[in-house]
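Report on one structure; see the data block that follows.
FYI, it's all coordinate maths here, none of it is from the lab. The shown structure was predicted, so the numbers you read here are calculated from the model rather than taken from an experiment. No Cβ is skipped: glycine too gets one built from the backbone with ideal geometry, and neighbour counts run over all protein chains shown.
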There are 2 protein chains.
Amino acid sequence: MRAAVLTTKDKILQAAAEIAMEVGPVHLSLDAVARRAGLSKGGLLYTFPTKAKLLEALVEHHVAEFDESLRMQEAKRNHKVNSVVQACIEVYRAEFVLNEPEPSGILAAIANDPSFIDPIRRYNKQLLDRMKENSEDPTMALIAFLTIEGLRSLKLLDMDTLTHEDQITAIDGLRQLFAPCDPDKPSQPATG
Amino acid sequence: MRAAVLTTKDKILQAAAEIAMEVGPVHLSLDAVARRAGLSKGGLLYTFPTKAKLLEALVEHHVAEFDESLRMQEAKRNHKVNSVVQACIEVYRAEFVLNEPEPSGILAAIANDPSFIDPIRRYNKQLLDRMKENSEDPTMALIAFLTIEGLRSLKLLDMDTLTHEDQITAIDGLRQLFAPCDPDKPSQPATG
DNA sequence: TTTACTGTACCGTCCGGACGGTAAAGTCAA
DNA sequence: TTGACTTTACCGTCCGGACGGTACAGTAAA
């Protein structure tokens, strides 16, 4: 059952996310999802008995993927100071560099029912707490969290506000602010 | 109160935004909007001939309000270095302090049709350009922009990730990073 | 008389979901 | 090895309800 290829569930999730981004979460219909995922509506309903279950899975999938990436990055950094912030930056960077085709999906969930965002709410709260605990400067940890949140939201809403270069600049800027051995106060970072 | 009497348009826009936030953009129906705005569906359709026009107005309203606040803040700062970033910070701070009841609305628009976000896309691009031009350090301008975007997105998605204190900390942190460092210029008083 | 609605009735379409199949794969006793 | 049965993974159809939008007659104020 655990095939190396894309499972039916994954195909459905991906199809749903794509359609939601293309036509807007409001027009995300089970018919369309089934069609794009390459099965019938009956088959779709077999896999996800209700639309709500599908959307729930979309959110869970999103959180789980992020968490996995984050933990991998954190493992490289053995709980050193700022390691959580650094890991977050690298996760975003990796997503960005690989140009991972991971369209919203969660927007569709929220659009259908705002309470679907609760797992993300909980996850982010924990994440932020860990960042603050693990950081030398809680204020800067907060700003790092928000900066990444900003980047993620632009992606979520499919905004091309930042050019490719801008994104690299932002990520590298963050990286430098939270570089492994930087005891200096980064209030006036003179780059170059 | 800018006007004791809220115009019908404003009432409708507000009602739509509220409903969208409560039950999710997918379940934003004209019937419900009319009911909450205190008029009939016929009356609603008289004011906004289609749902699309309503959603468009929602986005326009949002951008226009932000732009007005931003220009007011900028006017206080006469094009000095970092004044655009500072103005943005203050606009967000004012919204936050006043606890302005301005629920998403734009999320509903995007959920119905992703292209409704285009005006915001354009606006934000211009804003970022102005920030960069006006800043000493374009990288830090970028980070400031993203931080504010992060704050705004958390509000947009109705996420309570940051406590009230966290938000104050973040805003003050930003303020400090972009404080007028010119000794000739007196710093802004904290309370208004 | 115009503006700005109210209120009712209705239409066509779309969509979620229920339901009844069904074909293939696996299980297992004889 | 075979036949009987179960499970898995779907297919295709149908229905009730919601929703956007139309049409139109009425009304109260300016």
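Summary table below
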{"read-out": "Angle between chain A longest axis and helix A:164-177 axis [Cα atoms, degrees, rounded to 10]", "value": "50"}
{"read-out": "Cβ-derived FRET efficiency at R0 25 Å, A:D158 paired with B:S29, nearest 0.05", "value": "0.50"}
{"read-out": "Alpha-carbon centroids, region A:131-173 and region A:28-94: separation in whole Å", "value": "20"}
{"read-out": "Modelled label reach - A:I168, point 7 Å along Cα→Cβ, region A:82-117 residues with backbone N closer than 12 Å", "value": "A:97"}
{"read-out": "Base-10 log of normalised Debye intensity for region B:114-164 (one unit scatterer per alpha-carbon) at q = 0.24 Å⁻¹", "value": "-0.94"}
{"read-out": "Size of electric dipole in the protein assembly as shown: Cβ of Lys, Arg +1 and of Asp, Glu -1, about Cα centre, debye, nearest 20", "value": "840"}
{"read-out": "Under 17 Å from B:K11, Cα to Cα: lysines that are on another chain or at least 8 residues apart", "value": "B:K41, B:K51, B:K53"}
{"read-out": "7 Å along Cα→Cβ, label-point gaps from B:A179 to other copies, nm, shortest first", "value": "2.5"}
{"read-out": "Taking all pairs of distinct alpha-carbon atoms in the protein assembly as shown, Kirkwood radius in angstrom", "value": "22.2"}
{"read-out": "Whole-number percent relative contact order across region A:1-101, with pairs defined as alpha carbons under 8 Å at least 6 apart", "value": "18"}
{"read-out": "Cα long-axis angle, helix B:118-134 against chain B (0 to 90 degrees, to the nearest 10)", "value": "10"}
{"read-out": "Lysines whose Cα lies under 28 Å from that of B:K80, excluding same-chain neighbours fewer than 8 positions away", "value": "A:K185, B:K125, B:K132, B:K185"}
{"read-out": "Label 7 Å beyond Cα on the Cβ vector: B:M159 copy-to-copy distances, nm", "value": "1.3"}
{"read-out": "Label spacing, shortest first and in nm, from B:A94 to its equivalents in the remaining copies (7 angstrom along Cα→Cβ)", "value": "4.3"}
{"read-out": "Anisotropy class of region A:14-92 from Cα gyration tensor, a/c 1.5 cut", "value": "prolate"}
{"read-out": "Compactness relative to 2.2 N^0.38 Å, alpha carbon Rg of region B:52-177", "value": "1.06"}
{"read-out": "GNM top mover of A:I106, A:I143, A:I19 - chain A, alpha-carbon springs below 10 Å", "value": "A:I143"}
{"read-out": "Normalised contact order of chain B, rounded percent, pairs of Cα under 8 Å and 6 or more residues apart", "value": "23"}
{"read-out": "Efficiency of FRET between A:H79 and B:K125 - r from beta-carbon atoms, R0 41 angstrom, step 0.05", "value": "0.55"}
{"read-out": "Folded to 0 to 90 degrees: helix A:138-156 orientation relative to chain A principal axis, Cα", "value": "30"}
